[in-house]
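This report refers to the structure that appears directly beneath it.
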Amino acid sequence: MFTGLIREIATVQSYKNNILTIKSKHKAKRGDSIAINGVCLTVIKVNADGFDLELSDETRALIDESKLSGQVHLEPAMQMNDRFEGHIVQGHVDCVGTVRQIIPRDNATDFIIAVDPKYIAYIIPKGSITVDGISLTVNDVGDDNFRLTIIPHTLQETLMKNYNVGTKLNIETDLFARYIDHILIHRQNSKKSISWQDIDTLQMSY
């Protein structure tokens, strides 16, 4: 599990044959889970200046592989004794979004992100979303897009400062919204209604 708070801007040294080699200050161990641009991956080898990660075919089919080059967002998985900040992030990318508009404001920048309309149900106004591994708050939601308002600190400390119209983004939607939708669909198919006990269980899990 992750929080969506970027711990380091790391560098991709190479990406070939499903193996991603990262140069990083983070001292990883073999078997560690590390999110790279929002994608949860497993360390398979530790190097003097970083580590290697392996991508499955399923992961490669879901993400934007063009993001596995140059600088990348890095977040190690949470430890049991870590302070919990950000929001619950699994590192499981749902879809690839695209920057549609960038609108400068007086003390912030708005990003309009387009996604496949089928994912809009999992994007909640004033809820949380993960964009390239960054925990962010959704302001508005449209039929096929959502709006983020990014403060200068976030812009400066992440790779969002390099985004342009057309930039592809790894998107992870709200975990709780996905769970609720899954339960409702299966309850409907089995002609059962969701109970308050189900809702309480979901809330405790979240």
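The values are calculated or read from the model by the stated rules, or taken from the named source; none is laboratory data. Please read these numbers as outputs of a predicted model, since none were measured by experiment. Neighbour counts are summed over all protein chains in view; Cβ atoms, including those assigned to glycine, are modelled from backbone coordinates with ideal geometry.
Quick look at the numbers
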{"read-out": "Test: residue in segment 45-68 that is touching a helix residue (DSSP H, G or I) at 6+ places or on another chain (Cβ under 8 Å) and surrounded by 14 or more Cβ atoms within 10 Å (Cβ to Cβ)", "value": "no"}
{"read-out": "Pairs, first closer than 14 Å to ASN145 by Cβ in segment 93-111, second acidic (Asp, Glu) and in a strand (DSSP E or B), C-beta under 7 Å, six or more apart", "value": "ILE103/ASP110"}
{"read-out": "Within segment 117-146, considering residues that are surrounded by fewer than 16 Cβ atoms within 10 Å (Cβ to Cβ) and closer than 23 Å to LEU159 by Cα, the one nearest to the chain's Cα centre (by Cα)", "value": "THR137"}
{"read-out": "When residues of segment 2-21 are limited to those that are in a loop (DSSP other than H, G, I, E, B) and within 17 Å of ASN170 (Cα to Cα), the one modelled with the lowest pLDDT", "value": "THR3"}
{"read-out": "Selection count, segment 1-30, where residues are crowded, with 17+ Cβ neighbours inside 10 Å and on the phi > 0 side of the Ramachandran plot", "value": "1"}
{"read-out": "Residues that are at pLDDT 95 or above and assigned to a loop (DSSP other than H, G, I, E, B), drawn from segment 70-92", "value": "GLY70"}
{"read-out": "Every pair of residues 6+ apart whose Cβ atoms lie under 7 Å, when the first sits in segment 13-28 and is under 15 Å from ASP57 (Cβ atoms) while the second is among the small types (Gly, Ala, Ser) and not in a strand (DSSP E or B)", "value": "TYR15/SER69"}
{"read-out": "Residue match in segment 127-137 (condition: touching a Cys at 6+ places or on another chain (Cβ under 6 Å), farther than 16 Å from ILE6 by Cα and either modelled with pLDDT of 95 or more or of a type outside the set (A, V, I, L, M) (or both))", "value": "no"}
{"read-out": "Filtered residues of segment 22-51 (kept if in a strand (DSSP E or B) and under 20 Å from the mean Cα position of the chain (by Cα))", "value": "ILE22, SER33, ILE34, ALA35, ILE36, VAL39, CYS40, LEU41, THR42, VAL43"}
